[in-house]
Amino acid sequence: THQWRGIIEEYRDRLPVTDTTPVVTLREGGTPLVPAQVLSERTGCEVHLKVEGANPTGSFKDRGMTMAISKAKEEGAQAVICASTGNTSASAAAYAVRAGMVSAVLVPQGKIALGKMGQALVHGAKILQVDGNFDDCLDLARALSDNYPVALVNSVNPVRIEGQKTAAFEIVDMLGDAPDIHVLPVGNAGNITAYWRGYKEYAADGLAARTPRMWGFQASGSAPLVRGEVVKDPSTIATAIRIGNPASWDYAIAARDESGGFIDEVTDREILRAYRLLASQEGVFVEPASAASVAGLLKAAEQGKVDPGQRIVCTVTGNGLKDPDWAVAGAPQPVTVPVDAATAAERLGLA
Ligand code: F0G
(Lines give C-alpha, C1' and ligand atoms only; values in the text may rest on other atoms or scores of the structure.)
Protein backbone atom coordinates (compact mmCIF):
# COMPACT_ATOMS: atom_id res chain seq x y z
CA THR A 1 0.00 0.00 0.00
CA HIS A 2 1.09 3.54 -0.68
CA GLN A 3 0.54 6.71 1.25
CA TRP A 4 1.15 10.29 0.18
CA ARG A 5 4.85 10.95 0.80
CA GLY A 6 4.75 14.66 1.61
CA ILE A 7 5.27 17.55 -0.78
CA ILE A 8 9.05 17.25 -1.14
CA GLU A 9 8.95 13.65 -2.38
CA GLU A 10 5.79 14.18 -4.45
CA TYR A 11 7.14 17.30 -6.20
CA ARG A 12 10.89 16.86 -5.73
CA ASP A 13 11.80 17.92 -9.29
CA ARG A 14 10.02 21.26 -8.80
CA LEU A 15 11.59 22.16 -5.46
CA PRO A 16 15.05 23.45 -4.51
CA VAL A 17 16.26 20.19 -2.94
CA THR A 18 19.06 17.79 -3.86
CA ASP A 19 19.72 14.12 -3.11
CA THR A 20 21.61 15.18 0.00
CA THR A 21 18.92 17.45 1.46
CA PRO A 22 17.59 15.80 4.62
CA VAL A 23 13.82 15.58 4.16
CA VAL A 24 12.03 16.63 7.33
CA THR A 25 8.40 15.76 6.76
CA LEU A 26 5.13 14.94 8.48
CA ARG A 27 3.66 13.91 5.09
CA GLU A 28 2.03 17.29 4.57
CA GLY A 29 0.03 18.16 1.46
CA GLY A 30 -2.22 15.84 -0.51
CA THR A 31 -5.13 17.66 1.09
CA PRO A 32 -8.77 17.18 0.05
CA LEU A 33 -10.29 19.21 -2.76
CA VAL A 34 -13.92 19.14 -1.72
CA PRO A 35 -16.81 20.11 -4.01
CA ALA A 36 -18.85 22.81 -2.26
CA GLN A 37 -22.47 22.17 -3.09
CA VAL A 38 -24.13 25.11 -1.39
CA LEU A 39 -21.53 27.62 -2.58
CA SER A 40 -21.88 26.24 -6.10
CA GLU A 41 -25.65 26.69 -5.99
CA ARG A 42 -25.35 30.23 -4.62
CA THR A 43 -22.88 31.36 -7.25
CA GLY A 44 -24.00 29.29 -10.23
CA CYS A 45 -20.42 28.10 -10.46
CA GLU A 46 -18.46 24.93 -9.76
CA VAL A 47 -16.87 25.76 -6.42
CA HIS A 48 -14.28 23.60 -4.69
CA LEU A 49 -12.66 23.98 -1.28
CA LYS A 50 -8.95 23.19 -0.89
CA VAL A 51 -9.05 22.05 2.72
CA GLU A 52 -5.64 22.95 4.11
CA GLY A 53 -6.74 22.38 7.68
CA ALA A 54 -6.20 18.69 6.86
CA ASN A 55 -2.43 19.18 6.99
CA PRO A 56 -0.50 17.56 9.88
CA THR A 57 -0.49 20.63 12.14
CA GLY A 58 -3.83 21.86 10.83
CA SER A 59 -2.82 24.58 8.39
CA PHE A 60 -1.19 25.23 5.00
CA LYS A 61 1.96 26.37 6.76
CA ASP A 62 3.24 22.77 6.81
CA ARG A 63 3.91 22.90 3.05
CA GLY A 64 6.36 25.73 3.51
CA MET A 65 7.72 24.45 6.78
CA THR A 66 8.82 21.04 5.47
CA MET A 67 10.96 22.98 3.01
CA ALA A 68 12.22 25.61 5.45
CA ILE A 69 13.20 23.11 8.14
CA SER A 70 14.73 20.66 5.66
CA LYS A 71 16.89 23.42 4.17
CA ALA A 72 17.80 24.77 7.62
CA LYS A 73 18.91 21.28 8.62
CA GLU A 74 20.88 20.90 5.40
CA GLU A 75 22.68 24.14 6.23
CA GLY A 76 23.50 22.91 9.72
CA ALA A 77 21.15 25.15 11.70
CA GLN A 78 20.43 24.03 15.24
CA ALA A 79 17.74 26.54 16.00
CA VAL A 80 14.96 28.22 14.05
CA ILE A 81 12.87 31.29 14.78
CA CYS A 82 9.64 32.74 13.46
CA ALA A 83 7.14 35.48 14.09
CA SER A 84 3.60 34.23 13.96
CA THR A 85 -0.09 34.86 14.43
CA GLY A 86 -0.17 31.19 15.52
CA ASN A 87 -0.12 28.76 12.62
CA THR A 88 3.44 29.30 11.46
CA SER A 89 4.64 28.85 15.04
CA ALA A 90 2.64 25.64 15.49
CA SER A 91 4.12 24.28 12.28
CA ALA A 92 7.68 25.43 13.00
CA ALA A 93 7.51 23.87 16.47
CA ALA A 94 6.35 20.50 15.13
CA TYR A 95 8.86 20.32 12.25
CA ALA A 96 11.68 21.44 14.54
CA VAL A 97 10.88 18.44 16.74
CA ARG A 98 11.18 16.15 13.71
CA ALA A 99 14.52 17.74 12.84
CA GLY A 100 15.91 17.64 16.37
CA MET A 101 16.17 21.42 16.44
CA VAL A 102 15.25 24.08 18.94
CA SER A 103 12.42 26.38 17.89
CA ALA A 104 11.79 29.90 19.09
CA VAL A 105 8.55 31.70 18.35
CA LEU A 106 7.47 35.30 18.72
CA VAL A 107 3.73 35.91 18.96
CA PRO A 108 1.68 39.06 19.55
CA GLN A 109 0.63 39.02 23.16
CA GLY A 110 -3.02 38.05 23.69
CA LYS A 111 -3.73 37.82 19.97
CA ILE A 112 -3.24 34.18 19.07
CA ALA A 113 -5.85 31.43 19.30
CA LEU A 114 -5.55 29.05 22.23
CA GLY A 115 -5.21 25.91 20.11
CA LYS A 116 -2.20 27.36 18.31
CA MET A 117 -0.54 28.39 21.56
CA GLY A 118 -1.16 24.85 22.83
CA GLN A 119 0.54 23.39 19.76
CA ALA A 120 3.69 25.50 20.21
CA LEU A 121 3.80 24.65 23.91
CA VAL A 122 3.29 20.92 23.54
CA HIS A 123 5.94 20.71 20.81
CA GLY A 124 8.37 22.37 23.19
CA ALA A 125 8.93 25.69 21.43
CA LYS A 126 10.51 28.56 23.31
CA ILE A 127 7.74 31.14 23.21
CA LEU A 128 7.98 34.86 23.72
CA GLN A 129 4.79 36.90 23.75
CA VAL A 130 5.72 40.26 22.31
CA ASP A 131 4.16 43.48 23.48
CA GLY A 132 3.27 44.46 19.92
CA ASN A 133 1.50 43.12 16.83
CA PHE A 134 2.60 40.55 14.21
CA ASP A 135 4.52 43.17 12.23
CA ASP A 136 6.56 44.01 15.33
CA CYS A 137 7.18 40.29 15.92
CA LEU A 138 8.49 39.91 12.36
CA ASP A 139 10.84 42.88 12.77
CA LEU A 140 12.16 41.32 15.95
CA ALA A 141 12.56 37.85 14.38
CA ARG A 142 14.52 39.37 11.49
CA ALA A 143 16.79 41.26 13.88
CA LEU A 144 17.46 38.11 15.90
CA SER A 145 18.20 35.94 12.86
CA ASP A 146 20.51 38.66 11.47
CA ASN A 147 22.54 38.85 14.65
CA TYR A 148 22.33 35.46 16.38
CA PRO A 149 22.77 31.82 15.35
CA VAL A 150 19.13 31.10 14.50
CA ALA A 151 17.50 30.52 11.09
CA LEU A 152 14.41 32.52 10.11
CA VAL A 153 11.53 30.32 8.86
CA ASN A 154 8.96 32.99 8.06
CA SER A 155 7.75 33.26 4.48
CA VAL A 156 10.38 35.95 3.86
CA ASN A 157 12.53 32.82 3.63
CA PRO A 158 12.07 32.04 -0.09
CA VAL A 159 11.95 28.25 0.32
CA ARG A 160 8.73 28.63 2.30
CA ILE A 161 7.02 30.03 -0.81
CA GLU A 162 8.49 27.19 -2.87
CA GLY A 163 6.88 24.63 -0.59
CA GLN A 164 3.54 26.38 -0.50
CA LYS A 165 3.28 26.57 -4.31
CA THR A 166 2.64 22.79 -4.33
CA ALA A 167 -0.98 23.42 -3.36
CA ALA A 168 -1.54 24.90 -6.82
CA PHE A 169 0.11 21.82 -8.38
CA GLU A 170 -2.24 19.52 -6.48
CA ILE A 171 -5.28 21.45 -7.67
CA VAL A 172 -4.24 21.27 -11.33
CA ASP A 173 -3.28 17.61 -10.97
CA MET A 174 -6.75 16.94 -9.58
CA LEU A 175 -8.88 19.09 -11.91
CA GLY A 176 -6.82 18.54 -15.07
CA ASP A 177 -6.32 22.29 -15.47
CA ALA A 178 -6.20 25.45 -13.41
CA PRO A 179 -9.55 26.85 -12.26
CA ASP A 180 -10.91 30.11 -13.68
CA ILE A 181 -10.63 31.84 -10.32
CA HIS A 182 -8.64 31.08 -7.19
CA VAL A 183 -9.74 32.73 -3.94
CA LEU A 184 -7.54 33.13 -0.85
CA PRO A 185 -7.43 34.91 2.48
CA VAL A 186 -4.48 37.30 2.60
CA GLY A 187 -2.43 38.27 5.63
CA ASN A 188 1.33 38.42 5.22
CA ALA A 189 0.66 37.61 1.54
CA GLY A 190 3.01 34.64 1.26
CA ASN A 191 0.31 32.21 0.22
CA ILE A 192 -1.17 34.22 -2.65
CA THR A 193 2.42 34.67 -3.85
CA ALA A 194 3.02 30.94 -3.65
CA TYR A 195 -0.14 29.84 -5.45
CA TRP A 196 0.48 32.30 -8.24
CA ARG A 197 4.03 30.99 -8.62
CA GLY A 198 2.75 27.41 -8.72
CA TYR A 199 0.08 28.12 -11.31
CA LYS A 200 2.50 30.06 -13.52
CA GLU A 201 5.09 27.30 -13.30
CA TYR A 202 2.63 24.58 -14.37
CA ALA A 203 1.34 26.73 -17.24
CA ALA A 204 4.88 27.54 -18.42
CA ASP A 205 5.71 23.83 -18.46
CA GLY A 206 2.53 22.93 -20.35
CA LEU A 207 0.93 21.11 -17.43
CA ALA A 208 -1.94 23.59 -17.35
CA ALA A 209 -3.58 25.35 -20.30
CA ARG A 210 -4.20 28.55 -18.36
CA THR A 211 -3.69 30.40 -15.09
CA PRO A 212 -6.52 31.51 -12.82
CA ARG A 213 -7.47 35.01 -11.80
CA MET A 214 -6.25 35.44 -8.23
CA TRP A 215 -8.75 36.92 -5.80
CA GLY A 216 -7.41 37.81 -2.37
CA PHE A 217 -9.38 38.96 0.65
CA GLN A 218 -8.14 40.78 3.71
CA ALA A 219 -10.08 41.55 6.89
CA SER A 220 -11.43 45.13 6.78
CA GLY A 221 -9.53 46.20 9.90
CA SER A 222 -6.30 44.74 8.50
CA ALA A 223 -6.43 45.56 4.81
CA PRO A 224 -3.20 47.38 3.88
CA LEU A 225 -3.16 45.96 0.34
CA VAL A 226 -6.66 47.30 -0.27
CA ARG A 227 -5.88 50.69 1.28
CA GLY A 228 -2.52 50.93 -0.44
CA GLU A 229 -0.80 51.83 2.82
CA VAL A 230 0.50 50.20 5.97
CA VAL A 231 -2.13 49.76 8.70
CA LYS A 232 -0.47 50.78 11.97
CA ASP A 233 -2.88 49.13 14.38
CA PRO A 234 -4.54 46.23 12.55
CA SER A 235 -7.65 44.68 14.05
CA THR A 236 -9.94 41.73 13.23
CA ILE A 237 -11.40 38.71 14.99
CA ALA A 238 -9.54 36.64 12.38
CA THR A 239 -6.29 36.82 14.37
CA ALA A 240 -4.38 34.74 11.81
CA ILE A 241 -4.58 37.61 9.31
CA ARG A 242 -4.27 40.51 11.74
CA ILE A 243 -1.33 42.00 9.82
CA GLY A 244 -0.76 45.61 8.85
CA ASN A 245 2.42 45.45 6.77
CA PRO A 246 2.59 42.25 4.69
CA ALA A 247 6.11 41.02 3.95
CA SER A 248 5.16 39.81 0.45
CA TRP A 249 3.36 43.04 -0.45
CA ASP A 250 4.88 43.50 -3.92
CA TYR A 251 4.46 39.84 -4.86
CA ALA A 252 0.79 39.95 -3.88
CA ILE A 253 0.20 43.02 -6.03
CA ALA A 254 2.01 41.28 -8.90
CA ALA A 255 -0.15 38.17 -8.47
CA ARG A 256 -3.24 40.36 -8.55
CA ASP A 257 -2.22 42.35 -11.61
CA GLU A 258 -0.57 39.62 -13.70
CA SER A 259 -3.56 37.32 -13.20
CA GLY A 260 -6.21 39.96 -13.84
CA GLY A 261 -7.59 39.50 -10.34
CA PHE A 262 -8.23 41.79 -7.38
CA ILE A 263 -7.64 42.14 -3.65
CA ASP A 264 -10.61 43.29 -1.61
CA GLU A 265 -11.71 43.29 2.01
CA VAL A 266 -14.40 41.52 4.02
CA THR A 267 -15.78 42.61 7.39
CA ASP A 268 -15.56 40.47 10.50
CA ARG A 269 -19.32 40.01 10.25
CA GLU A 270 -18.98 38.67 6.70
CA ILE A 271 -16.13 36.42 7.81
CA LEU A 272 -18.20 34.94 10.64
CA ARG A 273 -21.20 34.44 8.36
CA ALA A 274 -19.04 32.48 5.92
CA TYR A 275 -17.45 30.59 8.83
CA ARG A 276 -20.86 29.42 10.00
CA LEU A 277 -22.04 28.64 6.47
CA LEU A 278 -19.00 26.46 5.80
CA ALA A 279 -19.56 24.49 8.99
CA SER A 280 -23.34 24.22 8.90
CA GLN A 281 -23.92 23.83 5.15
CA GLU A 282 -20.76 22.31 3.71
CA GLY A 283 -19.58 20.27 6.71
CA VAL A 284 -16.16 21.94 6.68
CA PHE A 285 -14.94 23.47 9.94
CA VAL A 286 -12.31 26.14 9.40
CA GLU A 287 -10.80 28.87 11.51
CA PRO A 288 -12.20 32.39 11.03
CA ALA A 289 -9.32 33.70 8.87
CA SER A 290 -9.85 30.82 6.46
CA ALA A 291 -13.45 31.82 5.94
CA ALA A 292 -12.30 35.15 4.49
CA SER A 293 -11.88 33.48 1.09
CA VAL A 294 -15.45 32.22 1.07
CA ALA A 295 -16.78 35.48 2.53
CA GLY A 296 -15.03 37.24 -0.32
CA LEU A 297 -16.49 34.94 -2.96
CA LEU A 298 -20.00 35.52 -1.59
CA LYS A 299 -19.43 39.27 -1.51
CA ALA A 300 -18.17 39.26 -5.08
CA ALA A 301 -21.18 37.17 -6.16
CA GLU A 302 -23.56 39.66 -4.51
CA GLN A 303 -21.79 42.46 -6.38
CA GLY A 304 -22.35 40.64 -9.67
CA LYS A 305 -18.64 40.01 -10.18
CA VAL A 306 -19.01 36.23 -10.53
CA ASP A 307 -20.15 35.07 -13.95
CA PRO A 308 -21.97 31.74 -13.71
CA GLY A 309 -20.44 28.54 -15.01
CA GLN A 310 -16.91 29.18 -13.85
CA ARG A 311 -14.70 26.80 -11.97
CA ILE A 312 -13.59 28.35 -8.69
CA VAL A 313 -11.28 27.08 -5.95
CA CYS A 314 -11.35 28.64 -2.48
CA THR A 315 -8.48 27.77 -0.19
CA VAL A 316 -9.56 27.33 3.40
CA THR A 317 -6.26 27.68 5.17
CA GLY A 318 -6.64 26.38 8.73
CA ASN A 319 -8.57 23.92 10.86
CA GLY A 320 -11.52 25.14 12.93
CA LEU A 321 -10.30 23.29 16.01
CA LYS A 322 -7.48 25.77 16.40
CA ASP A 323 -9.84 28.53 17.43
CA PRO A 324 -13.13 27.01 18.59
CA ASP A 325 -14.21 30.05 20.61
CA TRP A 326 -16.18 31.38 17.67
CA ALA A 327 -18.00 28.08 17.23
CA VAL A 328 -19.15 28.12 20.84
CA ALA A 329 -19.82 31.85 21.16
CA GLY A 330 -23.39 32.74 20.37
CA ALA A 331 -24.44 29.10 19.96
CA PRO A 332 -27.21 27.77 22.25
CA GLN A 333 -25.94 25.83 25.29
CA PRO A 334 -26.60 22.09 24.97
CA VAL A 335 -29.30 20.95 27.41
CA THR A 336 -28.54 18.32 30.05
CA VAL A 337 -30.77 15.25 30.28
CA PRO A 338 -31.00 12.23 32.57
CA VAL A 339 -30.16 8.77 31.20
CA ASP A 340 -33.65 8.33 29.88
CA ALA A 341 -34.60 7.61 26.26
CA ALA A 342 -38.05 9.21 26.41
CA THR A 343 -36.69 12.51 27.74
CA ALA A 344 -33.77 12.48 25.29
CA ALA A 345 -36.12 11.76 22.39
CA GLU A 346 -38.38 14.59 23.45
CA ARG A 347 -35.50 17.06 23.77
CA LEU A 348 -34.17 16.01 20.37
CA GLY A 349 -37.56 16.61 18.82
CA LEU A 350 -37.87 12.95 17.82
CA ALA A 351 -41.04 12.30 19.80
N1 F0G B 1 -5.10 31.82 6.94
C2 F0G B 1 -4.50 31.37 8.05
C3 F0G B 1 -5.22 30.35 8.86
C4 F0G B 1 -3.23 31.85 8.42
O5 F0G B 1 -2.67 31.38 9.53
C6 F0G B 1 -2.61 32.83 7.63
C7 F0G B 1 -1.30 33.38 7.99
C8 F0G B 1 -3.28 33.26 6.48
C9 F0G B 1 -4.51 32.74 6.17
C10 F0G B 1 -2.70 34.28 5.56
O11 F0G B 1 -1.68 33.74 4.79
O12 F0G B 1 0.09 35.28 5.50
O13 F0G B 1 0.38 33.82 3.53
O14 F0G B 1 -1.17 35.74 3.45
N15 F0G B 1 -0.73 33.12 9.09
C16 F0G B 1 0.64 33.53 9.45
C17 F0G B 1 1.07 32.86 10.73
C18 F0G B 1 0.85 34.98 9.42
O19 F0G B 1 1.92 33.41 11.45
O20 F0G B 1 0.61 31.77 11.02
P21 F0G B 1 -0.51 34.70 4.27
*Hey, could you check region 202-227 for residues that are within 11 Å of the ligand (Cβ to nearest atom) and not small (Gly, Ala, Ser) and say which is farthest from the chain's Cα centre (by Cα)?*
Leu225
*What do you reckon, is Tyr199 open to solvent by less than 20 Å² (accessible area, probe 1.4 Å), of a type in the set (Phe, Trp, Tyr), within 25 Å of Asp62 (Cβ to Cβ) and more than 13 Å from the ligand (Cβ to nearest atom)?*
yes
*Go through region 209-224 and count every residue that is open to solvent by 10 Å² or more (accessible area, probe 1.4 Å) and of a type in the set (A, V, I, L, M).*
1
*Yes or no: Ile192 within 12 Å of the ligand (Cβ to nearest atom), more than 13 Å from Thr85 (Cβ to Cβ), hydrophobic (A, V, I, L, M, F, W, C) and at pLDDT 95 or above?*
yes
*Do you know which residues across region 119-135 are within 13 Å of the ligand (Cβ to nearest atom), outside any loop (DSSP other than H, G, I, E, B) and either under 18 Å from Asp233 (Cβ atoms) or not aliphatic (A, V, I, L, M) (or both)?*
Gln119, Val130, Phe134, Asp135
*Would you mention how many residues in region 138-178 are within 14 Å of Leu106 (Cβ to Cβ), under 19 Å from the mean Cα position of the chain (by Cα) and open to solvent by less than 20 Å² (accessible area, probe 1.4 Å)?*
3
*List the pairs whose first member sits in region 87-102 and is more than 13 Å from Leu121 (Cα to Cα), whose second member is more than 13 Å from the ligand (Cβ to nearest atom) and in a helix (DSSP H, G or I), and whose Cβ atoms are under 6 Å apart, counting only residues at least 6 apart or on separate chains?*
Tyr95/Ile69; Ala99/Ile69; Ala99/Lys73
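The values are calculated or read from the model by the stated rules, or taken from the named source; none is laboratory data. In this text, all values refer to a predicted model and were calculated from it rather than measured experimentally. In this analysis, Cβ positions are derived from the backbone assuming ideal geometry, glycine residues included, and neighbour counts consider all displayed protein chains. All accessible areas refer to the heavy atoms of the entire protein, side chains included, with ligands and DNA or RNA removed. Shrake-Rupley method; radii C 1.70, N 1.55, O 1.52, S 1.80 Å.
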